[in-house]
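Here's the structure, in structure tokens; my notes come after.
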Amino acid sequence: MIVLNLECKNFRNLENVYINPCDNMNVICGENAQGKTNLIEAIWLFTGAKSFKNAKENTFIRFGEEKALCSLDFKSEGIINNTKIEISDKKTAFLNENRLKASSLLAGKFNAIVFSPVDLSLVSDGPSVRRKFIDTAIGQIYPAYIGILKNYIRAVTQRNQIIKDFKYDSTVSVMLDVFESEIATCGRKIIETRVRYLEILSEFLPSLYDGISAGKEILETNYIPSCKENLEEKLKETRKEDMFSGVTSIGPHRDDIDFKINGISARSFGSQGQKRSIALALKLAEAEVIRKKTGECPVILLDDVMSELDKTRQNFVLNHIEGMQSFLTCCDESNIENLKSGKVFRIKNGGVV
């Protein structure tokens with residue numbers, strides 16, 4: 001999958017920007033607040049997803065203007081497609097001149113993977129962030145998984161409500177068997193799918209991290225279940241305890257993923273550069289899984305990935321992401337002195353100079 005060109009008019013601070021990227025590394029340089037991340041964000045919107053910056057859509061329009069317009073031509077499976085997004089009081093998307101009922105319907109048409117500073121939380125923060133990462137990644141290639149996950153969350157929510165109400169009405173306990181059975185059924189499928197996905201991810205993750213660290217570090221990844229026994233039986237055993245806390249204490253909604261560098265916990269003892277490297281390797285491995293399953297690699301969007309990486313790791317990012325069109329933002333041009341091939345776009349005051 002290749003972006004052929006991108007045009008943005010009045011999108012955030014981008015007044016009128018047009019770029020014609022190359023097929024490999026595209027570096028977007030500029031000082032802070034000049035529009036680098038906005039360009040990456042514009043490309044990301046064509047995946048049908050919401051902003052990776054968690055921004056409200058009314059902030060997309062340049063100050064003083066009534067609407068914003070972004071258009072992107074891309075090649076997928078040898079076919080050139082044109083997409084367009086208009087943003088005014090609402091967001092309207094077009095694919096090959098056909099208006100879509102919702103911009104989310106662009107999902108699966110144009111695929112991309114994004115890395116942003118927020119992704120450092122994949123290693124540093126609590127288990128919920130890692131669970132969200134793997135569930136989102138799985139959902140892209142196995143859409144049916146999303147339905148299983150929703151059913152599971154619904155059953156856990158119902159069980160939580162019952163154990164909270166039990167102190168007022170003990171008769172509601174008869175419903176626990178029903179929801180615990182559903183939790184166990186869906187939970188087993190979720191765990192099996194997550195473990196299988198990590199197995200596929202691990203076909204690429206260690207070698208990618210080995211390349212990023214220049215062979216100096218070994219990355220290990222393990223799935224940590226909150227319950228290693230029969231989930232349905234364990235739910236029955238923990239009823240009394242859960243009634244005191246008011247929450248379901250075990251199940252895949254409490255599971256975690258553990259990263260170790262040379263046998264040591266990356267979350268507890270890893271440097272910022274190591275944590276950034278793990279998050280980057282995860283994103284690149286996710287792209288490889290998509291390529292393996294779909295036959296086509298997504299576009300790689302890297303926002304502020306170079307900071308806190310040493311020269312060796314920077315060189316990997318610049319020159320060793322193979323077979324993937326990439327867009328990388330960078331403030332310090334000295335960080336890209338070793339770029340061997342690709343294009344450099346310089347942005348100033350919302351325009352390409």
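Nothing in this text is a laboratory measurement; each read-out follows from the coordinates by a stated rule. A quick note: this is a predicted structure, and the numbers were derived from the prediction, not measured. Here the Cβ is made from the backbone with ideal geometry for all residues, glycine too, and neighbour counts use every protein chain on show.
Summary of computed values
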| quantity | calculated |
| --- | --- |
| Charged-residue dipole, Cβ positions (Lys, Arg, Asp, Glu), segment 198-353 about Cα centre, Debye nearest 20 | 340 debye |
| Protection-proxy order for peptides 38-46, 21-29, 188-196, 142-150, each taking the mean of Cβ atoms within 10 Å per residue, highest first | 38-46, 21-29, 188-196, 142-150 |
| For the chain, calculated [θ]222 nm from helices alone, where every DSSP H run of n ≥ 4 adds -39500 (n - 2.57) | -12000 deg cm²/dmol |
| Calculated FRET efficiency for the pair ASN16/HIS320, C-beta based, R₀ 35 Å, to 0.05 | 0.55 |
| Reachable lysines, given that their alpha-carbon falls under 22 Å from the alpha-carbon of LYS53 and they are not under 8 places away in the same chain | LYS9, LYS36, LYS67, LYS84, LYS90, LYS91, LYS109, LYS132, LYS275, LYS283, LYS348 |
| Segment 305-353: trypsin sites (Lys or Arg not before Pro) in DSSP loop, at most 10 other beta carbons within 10 Å | LYS340 |
| Along principal axes, Cα extents of the chain, largest first, whole Å | 70, 51, 37 |
| Kyte-Doolittle at least -1.0, axis length at least 27 Å by Cα - qualifying DSSP helices, the chain | 144-165, 176-201, 272-294 |
| Label-point separation in nm, GLU237 to GLN272, each point 7 Å along Cα→Cβ | 4.4 nm |
| Paramagnetic label zone (point 7 Å from Cα along Cα-to-C-beta, LYS343; backbone N under 14 Å) in segment 284-328 | 325-328 |
| Given charges at Cβ of Lys, Arg, Asp, Glu: the chain dipole, positive-most of GLY215, SER307, LEU231 | LEU231 |
| Reach of LYS311 by Cα under 17 Å, taken over aspartates and glutamates that are not fewer than 8 positions away in the same chain | ASP210, GLU217, ASP332, GLU333, GLU337 |
| Residue-count net charge about SER202 - beta-carbon cut-off 14 Å; Lys, Arg +1, Asp, Glu -1 | -3 |
| Charge dipole magnitude, Cβ of K and R +1, D and E -1 - segment 122-267, Cα centre, debye nearest 20 | 280 debye |
| Cβ-based exposure ranking for PHE316, PHE11, PHE269, in which fewest neighbours within 10 Å come first | PHE269, PHE316, PHE11 |
